[in-house]
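The values are calculated or read from the model by the stated rules, or taken from the named source; none is laboratory data. Here the structure is a predicted model, which is why all the values come from computation and not from measurement. Every residue, glycine as well, gets a Cβ built from its backbone with ideal geometry; the counts of neighbours run over all protein chains shown.
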């Protein structure tokens with residue numbers, strides 16, 4: 001697990017009013033081996049939160065996101081006491097006509113060498129050169145046939161300070177909304193549940209063929 005500054009701090013800070021610049025953290029990455037015992041994720045999160053509260057008592061809340069296009073809709077977060085505060089259709093993870101996957105952040109960040117490499121591939125795909133003008137835009141990729149993966153992104157918040165929950169500036173979304181929207185996902189596969197999404201989800205078989213994921217094989221993310 002990797003905790004750090006939020007990738008879009010100016011926006012996420014406003015989710016809880018009166019939050020200072022260093023009063024919250026983002027769970028940026030979380031990956032566990034399939035070989036670990038049952039409930040390892042929830043146990044690890046519980047221990048991490050206790051350590052943060054002990055050593056960094058000014059941290060009031062944790063934000064994290066679940067990728068409902070390639071991984072899951074946040075079963076681990078729900079089981080660990082997070083609240084759901086956002087569901088939106090994916091516009092961050094994009095796929096090329098040949099199947100390659102990248103993120104919007106990489107494709108639009110003109111400082112990244114990966115963007116130049118992707119633009120070169122796009123130029124080959126279109127059969128003509130695309131000049132880099134410094135603009136952070138998805139247009140050249142859209143023109144070359146790149147499309148956002150079908151699915152949803154989920155935003156979860158965990159309150160280390162229970163009183164901070166009273167300052168939440170957005171509604172808490174019932175977990176059942178995930179199923180109502182047809183946004184349920186588990187290990188990259190669209191699924192149906194025996195019952196509505198709760199803190200302990202029961203799954204039915206079935207679903208779409210999973211897409212190629214951005215993380216290494218043999219690991220799962222929330």
* Asked: Has segment 131-146 got at least one residue that is modelled with pLDDT of 75 or more and closer than 27 Å to residue 26 by Cα?
  -> yes
* To do: Quickly run through segment 60-69 and pick out the residues that are in a strand (DSSP E or B) and at pLDDT 90 or above.
  => 61, 62, 63, 64, 65, 66
* Within segment 52-61, identify whether any single residue is surrounded by 11 or more Cβ atoms within 10 Å (Cβ to Cβ) and within 14 Å of residue 155 (Cα to Cα), and answer yes or no. => yes
* Structure fact -> Out of (1) out of contact with any strand residue (DSSP E or B) (no Cβ under 9 Å at 6 or more places or on another chain); (2) over 22 Å from residue 171 (Cβ atoms), the one residue 18 does not meet is (2)
* Take segment 4-33 and flag every residue that is surrounded by 18 or more Cβ atoms within 10 Å (Cβ to Cβ), assigned to a strand (DSSP E or B) and either out of contact with any helix residue (DSSP H, G or I) (no Cβ under 6 Å at 6 or more places or on another chain) or at pLDDT below 95 (or both). => 24, 25, 26, 27
* **Residue check for residue 81: buried (at least 16 other Cβ atoms within 10 Å of the Cβ) and in the same structural domain as residue 171 (by TED's automatic domain parsing)** => no
* Asked: Taking the condition at pLDDT below 95, assigned by TED's automatic domain parsing to the domain that holds residue 9 and in contact with a helix residue (DSSP H, G or I) (Cβ under 8 Å, 6 or more places away or on another chain), does residue 41 pass?
  -> yes
* Asked: Of the residues that make up segment 70-82, is at least one outside any strand (DSSP E or B), more than 19 Å from residue 187 (Cβ to Cβ) and out of contact with any strand residue (DSSP E or B) (no Cβ under 8 Å at 6 or more places or on another chain)?
  -> no
* Asked: Does segment 116-125 contain at least one residue that is outside any loop (DSSP other than H, G, I, E, B), modelled with pLDDT of 65 or more and assigned by TED's automatic domain parsing to the domain that holds residue 75?
  -> no
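Residues that are closer than 30 Å to residue 140 by Cβ and either at pLDDT below 95 or part of a helix (DSSP H, G or I) (or both): does segment 48-59 have at least one? Explain how you work it out, then say what you get.
Narrowing segment 48-59 to residues closer than 30 Å to residue 140 by Cβ: none.
No: zero hits.
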